[in-house]
Each structure stands twice: as structure tokens, then as C-alpha cells.
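Values quoted throughout were computed directly from the atomic coordinates according to the rules given, and no laboratory measurement underlies them. Computed from a predicted model, the values in this text were never measured in an experiment. Every residue, glycine as well, gets a Cβ built from its backbone with ideal geometry; the counts of neighbours run over all protein chains shown.
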Amino acid sequence: MSVSPVTSLQIESNPELGSVMAACWENARSLFSQEFGDATFKSWLSPLTFGEFISGRLIVIAPTRFRRDWIQSHFSQKMLEILQRFDARILALDLIVTPNSTFNGTSPVESAEARIKDQAEPEDRNIQVIGSRLEPRYTFEAFVVGKSNELAHAAARRVAEADKVTFNPLFLYGGVGLGKTHLMHAIAWHICKSYPQRRVIYLSAEKFMYLFVKALRFKDTMAFKEQFRSVDVLMIDDFQFISGKESTQEEFFHTFNALVDQNHQVIISADKSPSDLEGLEERMRSRLGWGLVADIHPMTYELRLGILQSKTEQIGREVPLKVLEFLAHKITSNVRELEGALNRIVAHSMLVGREITIESATDVLRDLLRANDRRISVDEIQKKVAEHFNVKLADMHSPRRLRSVARPRQIAMFLAKQLTSMSLPEIGRKFGGRDHTTVMHAVKKVEELKEKDASLTEDLDLLKRMLQT
Ligand code: ADP
Ligand code: MG
């Protein structure tokens, strides 16, 4: 099935119903993993995103043709039945592919996918990916670099390209959806291409623990140890999962030491820095910090916009800059949602054959925009900013113009503009009934100061990070 024949038709879509169906899809997803099992869900179904609901057909977007066909023949019937439990108005399930999905052969995309005939522990040449698969889209070429991730990106590249081990371990950390897994996969793809003789294992900490516990149960720990201690590169994603799990941590510690002692590369990602991870043994914590610890900050507006631009280029569809700016402003939670939003509006416009405008985007994304609004409130921003700068919360609303309170207030207004979808007058009202021009001035002022003052940029990053997690 292809998308183009539909584009010329004018189909009435109902945005309200679209939101209902998007929610249905989300609910059904959790049943999919029960129905098909976690592994199948992760490798096949989780990348699907909701596209549109038109005339009884729920349209879902698959990243590649290969996947679309596979899902179509193996899972779609059952998926439809599950969806229908949520809403009887769903008469059919259509899977479509967005044009960006066929990544023009620069990454080992379809060939790798074709090799992975079933999801059970696929082997990609020298890379052993346990429990999931390497995402073909997660390459260095597809990674957009900005201030917030440049260190992590440079370190990842270095480790992937270097013919000798330089930092060991490489420890990448940052909040959800900021690109840790993307960078890990990019390293793995790169090594796979440039150093086919190197043996790489990539797995999540959760999977590591699962295998270890299984090995213990089956009294097979020798094989377990050998498997992990003989690799050239060991990559463990979402390391925070190991915190507090004593015996797994102990085993990992030995594996880690064995590898580092032999000068083999270890790469770890986590949601916190080694020093902030709880439930970690002291010796583990200190060894994790021996190599390079690189953190990824929350994305700035500019980076979000950059990512959207790169994704639209991949899709090969014109999306007006205004709409991209709108998305970058409104969807601040993480890149995964940002991408999902872009896919949805593109799919919608292709299906109904209409231009993409801010209005159509607002309609199509109503549920998502609401969820992003809910996540961060102006009250929360005011509270965090007041705490951070040690001023009274009341000063956020008060008429006092003293610099020491006016500056934090301006910063709070700036964050309110960036992190919520409220209009300038609405924000003004939240700050003691100020005029929208005052808010506009505050936003400009903070932008100006940011240019000159690195410590302000740090303050803003920190505040955003606190608000977004
Ligand atoms: P994490 O592992 O940190 O939770 P992911 O690596 O899974 O986050 O990233 C979430 C999504 O955002 C992925 O689709 C990824 O491709 C995309 N993404 C994150 N950062 C970037 C970036 N700098 N450039 C392009 N895409 C990005
Ligand atoms: Mg991840």
C-alpha cells in the first residue's frame, strides 16, 4: 500500500476524533507488549507511531518498508482486534511508511533488517545486540549537534573512530529522550563498518542482569563470564538499572575491571552521573569516573529546531519554517515526542492533501500539545526560579523593580515562554497582571544576557533540566 493515491482525495478528518484515536493507540500499545511479548514489542512494534484516523481506518506509520510488511503479515490482524476492544469505530488498521524511512543506503539499514529475520537476539556481523536490535536510523550522520550535546557527541565519535582506547570507560548521561541510545547505536554502527574484526556487545543493563540471574540459576556462570570478558567493546545502556542490585553490580564490576585491565573499551549510558546514581557501591562509582564522563543537557530551542529541520530533509517534504518553529517551541519534553509530532502532521497533510499550517498542526497535535502544557506549569517555573535565585515566591508577582528580584522574574517569564504554550498576555497575567509587552521585553532581555553571560546559560540549563524531569 502506498500513500500517494490517497493524497489527491479530499478526506474530511475530524481532529477531535483524531485525538481520541491517538489515545486509543497509546492504550493499545501496552496490550501489544502483553500479547506479543516484550521482546517482539520492543523490536517490532514500539517504533510504530500513530498517524491519523480517517473513515474508520486507523493509520499507523512504520519506519521502513521491511518492517511494515513484516508487521502486516505477522501482527496486524491481532493488533486490529486489540484496537477494536478500545473503540469499535476502528474498522481497519493501515500501515504506511514515511518516505524518510528508506535511508538511502548510507547506513546498513535494510540489509541489516533483512538479516534480522526474527527478533530473537539478532547478530549483526561482529556486533552482538542482545535483547533488542540496533536502530538503523541512529547513526552519527543523523545526529544533530548543538551546545547541549557536543561533548557527548565528540566523545562518542572519538571512541568509535579511534584505533586505540583513549577514554575508558566512556560514560554518557542525561535525561530521557536526549539521544543517549542514539549515540550508543551510532558508535556500534560505526565500529561495525570500520572495524569489522572488533567484537562488540551492546545490551541494556536490565538485560545484563537478566542474563546474569539466568546464568546463576542454570549454574552456567562460566559461559556468562566468558561471553562478556572476551569482547573488544562492551556497551551497556541505561546503567541506572543496575543500581541497588548488589550481585549484578558485583558481577559487572568484575567484568568491567577485566575489560579495562585488558585495555578493552567499555561504554556506559545512564540517566545520572556516576556521583548521582544511587545504590552504587563506592568502588564502582569511582571506577566509572576514571575515563570520560560526558553529560547531555536538555535541548535548547535552537537544537530542537535543528533536529526538526534535519528530520524534514530526511522525509523530503516541505514543512514551513513557521510550523517547525511552532513545534520546537511547544514540544519541549523530548526529541522522541518532537519526531512523533512531525511524523503525524506530515502524514496528515499527505493523507488529506492539504498544506501544513500552524492551525492544522495545532489540530492534529491537540492531545500532545495539551500533554506538554500539563507537564510544566508557570507556577512550577516560578517556584523553581525563586528557589534557585533565593528570592521570595511572592516577588514573582510583586511590583518590586529591584534588580535582584526583577532579574529572576524575567528569567521565569523567559522560561514560561519557552517551556509552556501560553501566550504573552497569559504569562503576563500569571506574573501579577503584567502587560504582554513586559513579558516580551523580559524574553528579549534574557536572550541578550544569555549571549554575554555563560553563567546565565548554565542557570537556565539547570532550571530547565529540573523542570523537565
Ligand atoms: P535516550 O536514550 O537518551 O532516552 P534516545 O537516544 O532514545 O534518547 O533519543 C530519542 C529520540 O530522539 C530518538 O529517535 C533519537 O534519534 C532522537 N534524537 C535525540 N537526540 C538527537 C539529536 N541530537 N539529533 C537527532 N535525533 C536525536
Ligand atoms: Mg535510551
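A protection proxy built from the mean count of other Cβ atoms within 10 Å ranks the segments 158-165, 203-210, most packed first, as 203-210, 158-165. In the chain, helices alone account for a calculated mean residue ellipticity at 222 nm of -17000 deg cm²/dmol, with every DSSP H run of four or more residues adding -39,500 (n - 2.57). Averaging the sequence gap over all C-alpha pairs within less than 8 Å and six or more residues apart, then dividing by the number of residues, gives the chain a relative contact order of 15 percent. Peptides 141-153, 50-62 ranked from most to least packed, by the mean per-residue count of other Cβ atoms within 10 Å: 50-62, 141-153. The order of the peptides 385-392, 330-337 by mean Cβ neighbours within 10 Å, most packed first, is 330-337, 385-392. For region 378-468, the Cα gyration tensor yields ellipsoid semi-axes of 17, 14, 14 Å (square root of five times each eigenvalue, largest first, whole Å).
Relative to the Cα centre, the charge distribution of the chain, modelled as +1 at Lys and Arg Cβ and -1 at Asp and Glu Cβ, gives a dipole magnitude of about 720 debye.
Seen from Q382, the other residues with C-beta closer than 12 Å to its C-beta sum to a net charge of +1, counting Lys and Arg as +1 and Asp and Glu as -1. Pairwise Cα distances in region 301-373 exceed 21 Å for 14 percent of all pairs. Ordering F208, F50, S273 by the projection of their Cα atoms onto the charge dipole of the chain, which places +1 on the Cβ of Lys and Arg and -1 on the Cβ of Asp and Glu, puts S273 at the extreme positive end.
From least to most packed, judged by other beta carbons within 10 angstrom and beginning with the fewest, W290, W70 follow the order W290, W70.
Footprinting exposure proxy ranking of K464, K322, fewest other C-beta atoms within 10 angstrom first, gives K322, K464. What percent antiparallel are the DSSP beta bridges of the chain, to the nearest 5? Taking every DSSP beta bridge within the chain, about 20 percent pair in antiparallel fashion.
Under the criterion of Cα pairs below 8 Å and six or more residues apart, the relative contact order for region 5-97 equals 30 percent.
Positive-end ranking of V176, L424, S76 along the dipole of the chain, with charges on Cβ about the Cα centre, is headed by L424. Beta-bridge orientation, region 5-97: approximately 45 percent antiparallel, per DSSP, counting only bridges with both partners inside. Rounded to the nearest Hz, the phi-derived 3J(HN,Hα) couplings of region 215-228 under the Karplus curve 6.51 cos²θ - 1.76 cosθ + 1.60 (θ = phi - 60°) are 4, 4, 4, 8, 6, 10, 6, 4, 4, 4, 4, 4, 4, 8, where x marks glycine and proline.
When each of T221, T64 is scored by the number of other beta-carbon atoms lying within 10 Å, the sequence from fewest to most is T221, T64. Over all distinct Cα pairs, what is the inverse of the mean 1/r for the chain, reported as the Kirkwood hydrodynamic radius in Å? Radius from the Kirkwood sum: 24.3 Å.
Annotation for region 216-268: trypsin sites (Lys or Arg not before Pro) lying in DSSP loop with at most 11 further Cβ atoms inside 10 Å of their Cβ are K219. Between the listed residues V446, A39, A341, the Cα displaced farthest toward the positive end of the dipole of the chain, a dipole computed from Cβ unit charges relative to the Cα centre, is found at V446. If only the Cβ of Lys and Arg carry +1 and only the Cβ of Asp and Glu carry -1, the dipole of region 5-97 around its Cα centre is close to 260 debye. Across region 379-384, rounded Karplus estimates of 3J(HN,Hα) from the backbone phi angles (6.51 cos²θ - 1.76 cosθ + 1.60, θ = phi - 60°) give 4, 4, 4, 4, 5, 5 Hz, Gly and Pro being marked x.
Mean sequence separation of contacting Cα pairs (under 8 Å, at least six apart), scaled by the length of region 354-469, corresponds to a relative contact order of 25 percent.
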